[in-house]
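In what follows, a structure is listed as structure tokens, so that the remarks can point back to it.
The values are calculated or read from the model by the stated rules, or taken from the named source; none is laboratory data. Source: prediction; values computed, not measured. For neighbour counting, all protein chains shown are included, and Cβ atoms are generated from backbone atoms with ideal geometry for every residue, glycine included. Calculation scope for accessible area: heavy atoms of the full protein, side chains included, ligands and nucleic acids excluded. Shrake-Rupley method; radii C 1.70, N 1.55, O 1.52, S 1.80 Å.
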Amino acid sequence: MKLIFSTILLSTICITSFAQINFEKGYFIDNIGKKVECFIKNEGWIKSPIKIEYKLSLTNESDFSSIENMSEFAIEGQYKFIRVTVDIDTSKRFVKYATELSESKEPEWKSVQVLLKVLVEGSANLYYYEADFIRFFYSKNNSPIKQLICKEYSIDGVFTRTNKDFQQQL
């Protein structure tokens with residue numbers, strides 16, 4: 001009986017310790033290029049963030065910085081996000097009926113300012129964005145960041161087709 005109770009207690013403690021959100025060492029760069037070393041609240045960011053919570057030291061009160069006030073932020077060894085203005089395809093994907101899809105093969109562009117998650121850095125960079133939809137972006141040799149195009153569309157309202165221009169882009 002003691003063994004079962006001990007196992008349940010230990011499991012509960014382990015689960016709650018992993019579920020906590022911690023402030024972790026990182027930095028952000030403000031709009032004038034000043035790098036601020038701080039501790040950033042690691043929220044996991046399934047969706048692309050629009051603000052972060054940070055502390056200058058672990059004993060300080062927390063403060064917030066929004067996308068408008070920073071050009072980049074990172075948590076050491078885990079995440080890096082950069083602020084950019086990019087054209088994003090806002091057309092619907094993964095709909096229930098083909099009639100809900102656009103009839104155009106071409107993306108429906110909208111210029112927006114977002115924080116992109118850096119997935120790969122090098123001579124070619126890969127970025128990730130998620131809000132109500134997921135999009136991937138790339139840049140090569142310091143060129144402007146562009147979306148990788150993959151768009152579902154329907155020309156007859158029954159069957160779907162896919163624009164896979166990302167294959168040529170890569």
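If Val118 satisfies every condition in (1) open to solvent by 70 Å² or more (accessible area, probe 1.4 Å); (2) without any contact (Cβ under 8 Å) to a residue 60 or more places away in the chain; (3) β-branched (Val, Ile, Thr) but one, which is the exception?
(1)
Look through region 49-67, keep the residues that are farther than 27 Å from Phe166 by Cβ and either in contact (Cβ under 8 Å) with a residue 40 or more places away in the chain or basic (Lys, Arg) (or both), and return whichever of them is surrounded by the most Cβ atoms within 10 Å (Cβ to Cβ). Before you say what the answer is, go through the steps one by one.
Within region 49-67, the subset farther than 27 Å from Phe166 by Cβ is 51-66.
Imposing the further condition that a residue be either in contact (Cβ under 8 Å) with a residue 40 or more places away in the chain or basic (Lys, Arg) (or both) reduces the set to 51, 55.
Working: Lys51: 13, Lys55: 15.
Ranking the candidates gives Lys55 first.
For region 144-169: of the residues being open to solvent by 50 Å² or more (accessible area, probe 1.4 Å) and within 24 Å of Arg83 (Cβ to Cβ), which is nearest to the chain's Cα centre (by Cα)?
The extreme case among them is Lys146.
Please name all residue pairs, on different chains or six or more residues apart, with Cβ atoms under 6 Å, provided the first residue is in region 28-43 and is within 8 Å of Ser71 (Cα to Cα) and open to solvent by less than 50 Å² (accessible area, probe 1.4 Å) and the second residue is among the aromatic types (Phe, Trp, Tyr) and part of a loop (DSSP other than H, G, I, E, B).
none
Pairs only if they're at least six apart or on different chains, beta carbon under 6 angstrom, first in region 68-82 and of a type in the set (D, E, K, R), second modelled with pLDDT of 95 or more and open to solvent by 50 Å² or more (accessible area, probe 1.4 Å); list them, first residue then second.
Once the first residue is of a type in the set (D, E, K, R) and sits in region 68-82, its partners that are modelled with pLDDT of 95 or more and open to solvent by 50 Å² or more (accessible area, probe 1.4 Å) give Glu76/Lys25.
Taking Tyr79 as meeting all but one of (1) modelled with pLDDT under 95; (2) over 29 Å from Phe23 (Cβ atoms); (3) not hydrophobic (A, V, I, L, M, F, W, C), write down the number of the exception.
(2)
Return the residues of region 132-151 that are hydroxyl-bearing (Ser, Thr, Tyr) and assigned to a strand (DSSP E or B); say none if nothing qualifies.
Tyr138, Ser139
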